[in-house]
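Worksheet: one structure, shown below.
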Amino acid sequence: MSLNLSFARSQFPALSDADDAWTYLDNAGGSQVLGAVADRIHDYLLTSSVQLGASYGVSTLAAERLYAGQSAIAELINAARPEEVVFGPSSTVMIQTLARAIAPTMAPGDEVVVSMIDHEANIGPWLALEARGIIVRRWEMNRESMSLEVSDLESLMTARTRLVVCTQTSNIFGQLIPVEPITACAHRHGAAVCIDGVAFAPHRLVDVRAWGVDFYVFSLYKVFGPHHAVLYGKYERLLALANLSHHFVPMDKIPGKLQPGNPNYELSYGATAIPEYLVTLGKRSGAPAGASRRACMAVAFDAIAAHEAVLADRVLAWLRARRGVRIIGPASSDPLVRVPTISFVVDGCDSERIVRAIDPLRIGIRFGDFYSRRLIEDLGLAAGKGVVRASCAHYNTVADADRLVAALDQTVPC
Ligand SMILES: Cc1ncc(COP(=O)(O)O)c(C=O)c1O
């Protein structure tokens, strides 16, 4: 089974093979958008843009389309029911939403374990709970593995631990962090888990039920969709959260009580095109005839992982060989180890200088801390303007990776 790259690329109108085309290697910042997503947003706005909740036909159509968005995302992540999908503008807002809604269910002295390698979106809202008397235990990076280790988590768990929050893939390191052992550890101690899947979801098939996670957050604008985001919660967990909407909204109005003022309808509907694309991509990448939609998506992501590993290896091989370059994250391109989000620094040269030298070559990469500021500071990389980060998506070609390598060859000054 191998990725049908020409089909994949044909689905993204922004991609082009013209000589002056941009090479998009900032996909961990934001992916390109499927044409079908844009078409559905357009269609929604021109044919069903009315307020939900009325009894006339167009209003019921609009409601059906919002529900179709929830159902599509439930299918994508294998949620048990569409109501478990909460929509909002960004993962940052979704985690703040969860923190606000879960805080009233905790008592002073209750504890939350928070990973310190995360994007600030999954740290700040939890640290803010300290003001309510909740104890936040910091889960630091393990210096040997340069990752999060369950053995370290175990030592932070107590009888008062209510929640464990961490990333599934660091947006700096790109390494995969298995969530099942984290979830198992949390559950053994009676705690829930909230996983930041933002850097994972564009690269591997999400399966919230297989993993047993309680909450899961990711951004659709990094998964080939619009600027819109998802908070998944197990139904009974969502039921227990506080109501963030009007006082008369019932506690069992899920996900409505967590979407005050309603989510964006057209973007929710646009998202219906994402699983459809992945199913078709799976079929065109070798899924057997008659395979279920989920099996097709699994084939698509297997093909994506294999293709992305080839891309990553082109870049990592150059970085590994170059003196004075330090890869920040695994040096291996093994798809069991990492996604193709690749960060590095160059001795004696700040990261901004490298990226600005590459900008005129029409290659989109970037530098900085990517809001994982605590991690970048902990690694001692803040003074050098953070890391250079190149991040592939499945629609990138080997030629894209080689173009980056050639550009680095010209610009990296050692
Ligand atoms: C790992 C990770 N978590 C959270 C976020 C925040 O996502 P959003 O931009 O949707 O708020 C990002 C954004 O880059 C991210 O990379």
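Odds and ends about this structure:
- A399 satisfies every condition listed in (1) farther than 26 Å from Y277 by Cβ; (2) part of a helix (DSSP H, G or I); (3) without any contact (Cβ under 8 Å) to a residue 40 or more places away in the chain except (1).
- Criterion applied to G368, G348, G364, G384 was being modelled with pLDDT under 95, over 20 Å from F200 (Cβ atoms) and crowded, with 16+ Cβ neighbours inside 10 Å, and the one residue passing it is G384.
- Residue among N262, N243 that alone is outside any helix (DSSP H, G or I) and on the phi < 0 side of the Ramachandran plot: N243
- Considering residues of the stretch 352-378 that are more than 16 Å from the ligand (Cβ to nearest atom) and not charged (D, E, K, R) only, the residue nearest to V310 (Cα to Cα): I363
- Only one of the numbered conditions (1) in contact with a Cys (Cβ under 9 Å, 6 or more places away or on another chain); (2) closer than 27 Å to L163 by Cα is not met by Q259, and that is (1).
- Here L129 meets each of (1) part of a helix (DSSP H, G or I); (2) more than 16 Å from the ligand (Cβ to nearest atom); (3) under 22 Å from the mean Cα position of the chain (by Cα); (4) of a type in the set (A, V, I, L, M, F, W, C) with one exception, condition (3).
- Candidate set: the stretch 146-173, residues that are farther than 17 Å from V112 by Cα and within 16 Å of the ligand (Cβ to nearest atom); chosen: the one farthest from the chain's Cα centre (by Cα): S147
- When the stretch 54-106 is limited to residues that are within 16 Å of the ligand (Cβ to nearest atom) and in a loop (DSSP other than H, G, I, E, B), the one that is nearest to V164 (Cα to Cα) turns out to be S90.
- Top-ranked residue of the stretch 107-116 - restricted to ones that are assigned to a strand (DSSP E or B) and within 16 Å of the ligand (Cβ to nearest atom), ranked as farthest from M146 (Cα to Cα): V114
- Verdict on I123 being in contact (Cβ under 8 Å) with a residue 24 or more places away in the chain, within 16 Å of the ligand (Cβ to nearest atom) and within 22 Å of the chain's Cα centre (by Cα): yes
- Exclusive hit being touching a Gly at 6+ places or on another chain (Cβ under 7 Å) and not hydrophobic (A, V, I, L, M, F, W, C), set G364, G386, G380: G386
- So G233, is it touching a strand residue (DSSP E or B) at 6+ places or on another chain (Cβ under 7 Å) and assigned by TED's automatic domain parsing to the domain that holds I117: yes
- Selection of the stretch 342-367 for residues being in contact with a Phe, Trp or Tyr (Cβ under 8 Å, 6 or more places away or on another chain) and part of a helix (DSSP H, G or I) yields S351, E352, I354, V355.
The values are calculated or read from the model by the stated rules, or taken from the named source; none is laboratory data. Quick caveat: nothing in here was measured; it's all calculated off a predicted structure. All Cβ positions, glycine included, derive from the backbone under ideal geometry; neighbour counts span all protein chains shown.
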